[in-house]
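Peer 1: What follows is a structure written as structure tokens; I'll ask about it next.
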Amino acid sequence: MRLLLINGNTTAAMTERCRATAIAAARPGTEIVAVTASRGPRVIATRTENALATAAMVELLAEHGGDCDAVLVAVSFDTGLDALREAAPCPVVGMTEAAVHAACLLGGRFGFIGPGEHAFGIYRDVLERIGLMSKLAGQSVVEMRPEDYLDPAAIVDTVVATALDLVRHGRAESLVLAGAAFAGLAAEIQARVPVPLVDGIAAGVVLAQALVDLRPMRATVGSHALPPARELVGLPPVLGRLFAGERS
């Protein structure tokens with residue numbers, strides 16, 4: 001199968017980190033096609049940046065999604081998830097959505113670690129949308145400098161300390177490491193944390209593969225059915241074709 005991994009950030013190094021993590025999690029025969037937004041924020045960290053990135057991600061879907069079997073949103077706000085689900089001809093999985101569901105299957109109550117104090121409320125909204133707030137043991141943030149998003153090595157000890165605090169004081173029985181910048185980190189530090197750590201990219205790949213295996217039909221009614229052909233003005237031709245109903 002072909003899995004389209006869409007990074008709505010414009011930082012190619014983050015895409016490569018996510019791609020490497022996805023390849024490590026994928027089973028033999030799964031091809032990872034990783035793409036990066038060409039315009040928008042370097043790192044999506046605010047609600048406004050999140051909104052700007054959504055349009056770029058839909059455009060990437062239109063350009064690269066025609067021959068893919070599933071799509072993985074490689075942004076921890078699950079940016080554009082509903083829009084991509086509506087427009088894509090195949091299953092679409094959000095990395096944080098996948099991680100939270102996996103964490104709940106691994107333990108009774110999960111802890112959640114995300115980057116940046118400013119994003120705390122945004123992640124809260126993401127968790128509310130997923131619908132598993134009753135399983136949340138606690139939510140913490142790790143402050144990150146711009147360079148940490150490219151190489152999180154300097155914050156590894158802080159992430160471990162934050163994880164241990166959620167286990168000891170929040171009674172978390174599993175932990176989600178949210179953030180594309182954390183991709184691959186769970187495997188690196190698991191030996192230092194006494195409960196399962198869930199990586200959003202790895203969980204997203206595994207869940208996407210499972211959904212493809214289920215061979216689900218595409219809904220023909222409801223809010224995630226393919227929208228009817230509509231005319232768009234002033235947008236790239238590839239988007240015009242997508243919304244004109246020209247889908248693979």
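Peer 1: For a quick protection proxy, order the peptides 126-135, 51-60 by their average other-Cβ count within 10 Å, most packed first.
Peer 2: Answer by packing, highest mean first, reads 51-60, 126-135.
Peer 1: How far, in nm, would the chain grow between D82 and R215 when pulled straight, counting 0.36 nm per residue and subtracting the alpha carbon separation?
Peer 2: Numbers: separation 133, 0.36 × 133 = 47.88 nm, distance 2.00 nm.
Full extension from D82 to R215 adds 45.9 nm.
Peer 1: Please give the length that would be gained between E147 and L232 if that part of the chain were fully extended, namely 0.36 nm times their separation in residues minus their C-alpha to C-alpha distance (nm, one decimal). Don't skip to the end; give the middle numbers.
Peer 2: On the way: separation 85, 0.36 × 85 = 30.60 nm, distance 3.85 nm.
Computed gain between E147 and L232 is 26.8 nm.
Peer 1: Within a Cβ distance under 10 Å of P115, other residues only, what is the Lys/Arg minus Asp/Glu net charge?
Peer 2: Numbers: positive: none; negative: E117, E143, D148.
The answer is -3.
Peer 1: Can you list residues from other chains, or at least 5 along the same chain, whose modelled amide H is less than 5 Å from the amide H of R2?
Peer 2: E31, D69, A70
Peer 1: From the phi of every residue in segment 228-243, what ³J(HN,Hα) in whole Hz does the Karplus formula 6.51 cos²θ - 1.76 cosθ + 1.60 yield, where θ is phi - 60° and glycine or proline is x?
Peer 2: Those phi angles translate into x, 4, 9, 8, 10, 10, x, 10, x, x, 5, 6, x, 5, 4, 8 Hz.
Peer 1: Please work out the Cα center distance from segment 44-123 to segment 163-220, rounded to the nearest Å.
Peer 2: Cα centroid of segment 44-123 versus Cα centroid of segment 163-220: 13 Å apart.
Peer 1: Still on this structure: Can you list the residues, at least 5 places off or on another chain, whose amide H is less than 5 Å from the amide H of G40, using H built in the peptide plane?
Peer 2: none
Peer 1: Now, a different point. Beta carbons within 10 angstrom, averaged per residue: use that to sort the peptides 228-234, 5-11, highest first. Walk me through the numbers before you get to the answer.
Peer 2: Details: 228-234: 8.3, 5-11: 25.3.
Per-residue Cβ counts within 10 Å, averaged per peptide and sorted highest first, yield 5-11, 228-234.
Readers should treat all values here as calculations from the given coordinates under stated rules, not as data from a laboratory. Since the model is a prediction, treat every value here as computed from it, not as a measurement. Quick reminder, even Gly has a Cβ in these numbers, built from the backbone with ideal geometry, and neighbours come from all protein chains shown.
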